[in-house]
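Novice: The structure's right below; bear with me while I get my questions together.
The values are calculated or read from the model by the stated rules, or taken from the named source; none is laboratory data. None of these values were measured; they are calculated from a predicted model. So basically every Cβ, Gly included, is an ideal-geometry build from the backbone, and we count neighbours across all protein chains shown.
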């Protein structure tokens, strides 16, 4: 009988854990949905910036965050290289500017927020977001890749190819 009691307790704990996980995810989705509908009037002043018509990436970190430096920053650099000046990146140290983190409802570092062309929130990533995830979110927000300069032809006449001469 003791074995059956333990099994029942284990099942109850597993169900409680599953329900808690689902409840937290639903709460986070609603929280971020409200943020997507929020006016930019409260968000941009918290950053100390104003929208400029470009999609943006707000990167939240702390000075003591190892994952921010070793994982998130390389992903942000890759995204920055891909989009170039078509993307605006705003970095926020949560320790120095907790009001900005509160305005964007950031709970952890690293976190990133993708802003659309109109300055509104398009996506929120609590925790690390890989470069391919950020690139997809920014593309959906209206960002286009940096234009690559076309290769310039060499000046002057094209060099003549020299073929080897074979003599028997």
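Novice: Kindly indicate which of 29, 69, 36 is within 18 Å of residue 143 (Cβ to Cβ) and either surrounded by fewer than 18 Cβ atoms within 10 Å (Cβ to Cβ) or modelled with pLDDT of 90 or more (or both).
Specialist: 36 is the lone residue from the list that is within 18 Å of residue 143 (Cβ to Cβ) and either surrounded by fewer than 18 Cβ atoms within 10 Å (Cβ to Cβ) or modelled with pLDDT of 90 or more (or both).
Novice: Search the stretch 52-61 for residues being surrounded by 15 or more Cβ atoms within 10 Å (Cβ to Cβ) and at pLDDT below 95, and hand back the single one that is farthest from residue 136 (Cα to Cα). Full working, then the answer.
Specialist: From the stretch 52-61, those surrounded by 15 or more Cβ atoms within 10 Å (Cβ to Cβ) are 54-61; that's our starting set.
Subset that is at pLDDT below 95: 54-56.
Details: 54: 16, 55: 13, 56: 13 Å.
In this case the residue turns out to be 54.
Residue-by-condition table, conditions (1) surrounded by fewer than 21 Cβ atoms within 10 Å (Cβ to Cβ); (2) at pLDDT below 90; (3) closer than 18 Å to residue 56 by Cβ:
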position	(1), (2), (3)
88	yes, no, yes
95	yes, no, no
98	yes, no, no
127	yes, no, no
132	yes, no, no
153	yes, yes, no
157	yes, yes, no
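Novice: Related question: Could you list, ordered by first residue, the pairs with Cβ atoms under 7 Å in which the first is in the stretch 15-33 and in a helix (DSSP H, G or I) and the second is at pLDDT 80 or above, at least 6 apart or interchain?
Specialist: Going by the 7 Å Cβ cut-off, the qualifying pairs are 31/105; 32/124.
Novice: Using the structure shown, decide if residue 165 is under 10 Å from the mean Cα position of the chain (by Cα) and at pLDDT below 95.
Specialist: No.
Novice: Taking the condition modelled with pLDDT under 95 and closer than 20 Å to residue 123 by Cα, does residue 6 pass?
Specialist: No, not satisfied.
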